[in-house]
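Everything below concerns the one structure shown next.
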Amino acid sequence: MAKENTRLAAFAPLLGDWLTTGKHPHLPGRTLRGRVSFERIEDGAFVRMRSTSAEPEIPSGVAIFGSDDAEGAGAMLYFDERGVSRC
């Protein structure tokens, strides 16, 4: 259906499944752990990121990355289990 979006080539090193660790300023002294995956979808027209966390304070979410030729920039749509959505 779609053609690979060459503007998303920079995501290539991230494709696959990853374990994550990090910190958050509102949760001092804690190491946060989770998982994230990046995959091409729609024959490479987009990249999808799925994230989950072992910490109840950190929501699981999904983001779709693409590009906007009119703006000459990348674009991201995000949605998480709280119902929060962002561009």
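We did not get these values from a lab; they are worked out from the coordinates using the rules stated. Fair warning: this is a prediction, and the values are worked out from it, not measured in the lab. We place every Cβ from the backbone using ideal geometry, glycine too, and count neighbours over all the protein chains shown.
Structure above, values below:
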| read-out | value |
| --- | --- |
| Cβ-derived FRET efficiency at R0 22 Å, R50 paired with T21, nearest 0.05 | 0.80 |
| Cα gyration tensor of segment 6-86 - equivalent ellipsoid semi-axes, whole Å, descending | 26, 14, 12 |
| For D43, net neighbour charge (Lys/Arg +1, Asp/Glu -1) across residues whose Cβ lies under 14 Å away | 0 |
| Ascending count of other beta-carbon atoms within 10 Å, so fewest first, for S60, S53, S85 | S85, S60, S53 |
| Simple spin-label estimate for R30 and L77 in nanometres, 7 Å along Cα-Cβ | 3.1 nm |
